[in-house]
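The values are calculated or read from the model by the stated rules, or taken from the named source; none is laboratory data. The structure displayed is predicted, hence computed values, not measured ones. Because the Cβ atoms are built from the backbone with ideal geometry, glycine has one as well, and the counts that use them run over all protein chains shown.
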Amino acid sequence: MRIVFLGAPGSGKGTQAQRLVADYGLVQISTGDLLRAAVASGSELGLRAKAAMDAGELVSDEIVLGMLRDRLLQGDTGNGFILDGFPRNISQARALDPVLREIGQPLDTVCLLNVDFDVLMKRLTGRRTCSKTGKLLNIYFSPQHEIDACVAAGGELVQRADDNEETIANRLKVYREQTEPLIAFYQEAGLLKVVDGEGDVDDVYAGMKVALGL
Ligand code: AMP
C-alpha cells in the first residue's frame, strides 16, 4: 500500500507511520528526517536547507524533490511506502506523479490526520526524541515509565531545533497557507481519507486502519 500522510505539524504523522512500518513492513519516507540528516551531515544541500528549516519555512521544491526521488529509487519500497511530510504544497503534489510513474508505484490513498490547533501546540512544544532508541515521546502525554525507560537506557530527551514556540507558530501558518489546499486537491482526485487524529495513539491507529481498510 502506498500512502501519503497529510496533516499539520504535530498531528502524529511520524508516530502513526512508525506503527504501520512495524505492522505491515511499509517504508516510511519522511522528508523532514531526510533533511535533518542532510543538515547533520554538513553537506552543501543540508546547509542550503537549514535556514528555511530553522525559520519554519518550506525548503525549496527543487531540493526536496531531488531528495525524495533519490530515496524512492533505492528500490526497497516493494511492500509499499508512507510519504510523511511530502507533498507540502500543490506544486510538490503535481511533481510527485511522474516520479511514482517512473517507479511504477502510483498512490493508493492520502490519509489526513485531523487535530485541533490547541492540541497541536501542546504536542509540538512537548515533543522529544530519545537519543538512544529514536522513540518519539512527549513530556506532557507520554507515560512516565516510557520517559524513565529512555533515561535508564542512557538516552537523553532531545528536542528538535524547530520545536520552539516561534518556529512552531510559523510552521502552523505555513501549513495553513501552503499545505491545507492539498486536502481539496486530493479529495478531487478521489484519494482522500480523513482520520480523527486526537486522543490516544492506539485509538487513532485503530481509526486509521479502518480508514485504510487494513
Ligand atoms: P517535518 O519533520 O515534516 O515537520 O519537517 C521539518 C521541516 O523540514 C519543515 O518545517 C520544512 O522546513 C522542512 N520540510 C520537510 N518536508 C518538506 C517538504 N516536503 N517541502 C519543503 N520543506 C520540507
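Filtering Phe5, Phe81 for residues that are surrounded by 14 or more Cβ atoms within 10 Å (Cβ to Cβ), touching an Asp or Glu at 6+ places or on another chain (Cβ under 6 Å) and within 25 Å of Gln187 (Cα to Cα) leaves a single hit, Phe5. The set of residues in segment 85-114 being without any contact (Cβ under 8 Å) to a residue 40 or more places away in the chain and away from the ligand (no atom under 12 Å from the Cβ) consists of Arg94, Asp97, Pro98, Val99, Arg101, Glu102, Ile103, Gly104.
Residues of segment 155-188 that are modelled with pLDDT under 95, loosely packed, with under 13 Cβ neighbours inside 10 Å and not in a helix (DSSP H, G or I): Ala161 alone. Does Leu35 meet the test of being buried (at least 20 other Cβ atoms within 10 Å of the Cβ) and free of Cβ contacts under 8 Å to residues at least 40 places away in the same chain? Here the answer is yes, as Leu35 does meet what is asked. Here is the figure for segment 189-200: residues that are under 23 Å from Leu96 (Cα atoms) and in a loop (DSSP other than H, G, I, E, B) total 3.
If I filter segment 133-143 down to residues being surrounded by 15 or more Cβ atoms within 10 Å (Cβ to Cβ) and in a loop (DSSP other than H, G, I, E, B), which single residue comes out as nearest to the ligand (Cβ to nearest atom)? It would help to see each step written out before you state the result.
First, the residues of segment 133-143 that are surrounded by 15 or more Cβ atoms within 10 Å (Cβ to Cβ): 135-138, 142.
Retained after the next criterion (residues that are in a loop (DSSP other than H, G, I, E, B)): 135, 142.
Working: Lys135: 16, Ser142: 19 Å.
The residue in question is Lys135.
For Gly75, the conditions (1) away from the ligand (no atom under 13 Å from the Cβ); (2) in contact (Cβ under 8 Å) with a residue 24 or more places away in the chain all hold with the exception of (2).
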